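Right, one structure below, let's go through it.
The values are calculated or read from the model by the stated rules, or taken from the named source; none is laboratory data. Here the structure is a predicted model, which is why all the values come from computation and not from measurement. Don't worry about glycine lacking a Cβ; one is built from the backbone with ideal geometry, like all the others, and counts go over all protein chains shown. For accessibility, only protein heavy atoms count, side chains too; no ligands or nucleic acids. Shrake-Rupley method; radii C 1.70, N 1.55, O 1.52, S 1.80 Å.
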Amino acid sequence: MCIATQYRTPAAGAQASSSETSSPTNAVSASATNEKTKISKAAFDKIENGMTYEEVTGIIGGEGELLSEAGNKGEQHHAVVYMYEGETLGSSASLAFLDGKLQVKSQIGLQ
């Protein structure tokens, strides 16, 4: 895993605040808390059409990455698609919800 840390130099005469600079230690701890939830084949197989996003996240153990959204939440025909990385390199799953219910699930390379 490569972690890039950006250091900002204050303008002449200005002092850097603690929020403007970061240390490698802070970058590592922030990265650890922002890890994406991974999906296993076993969890994918438990997910069924008609489930809510909350039911799905309960099975997987966390939220996915929002890929697309159409319409407004709570209104008819609101559609969202979430993506989860798999546990092995290059594997993933996509889950499409319409009006709060899972309509389509697909995966590639889950083991």
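Some points to look at:
- Meets criteria (surrounded by 11 or more Cβ atoms within 10 Å (Cβ to Cβ) and modelled with pLDDT under 95) for N26: yes
- Among the residues of region 41-73, the one identified as outside any strand (DSSP E or B), surrounded by fewer than 13 Cβ atoms within 10 Å (Cβ to Cβ) and among the hydroxyl-bearing types (S, T, Y) is T52.
- Flag for G90 being out of contact with any strand residue (DSSP E or B) (no Cβ under 8 Å at 6 or more places or on another chain), open to solvent by 50 Å² or more (accessible area, probe 1.4 Å) and part of a loop (DSSP other than H, G, I, E, B): no
- Residues of region 93-111 that turn out to be in contact with a Leu (Cβ under 7 Å, 6 or more places away or on another chain) and open to solvent by 50 Å² or more (accessible area, probe 1.4 Å), as a count: 1
- Residue-level analysis places T21 among those that are hydroxyl-bearing (S, T, Y), modelled with pLDDT under 95 and assigned to a loop (DSSP other than H, G, I, E, B).
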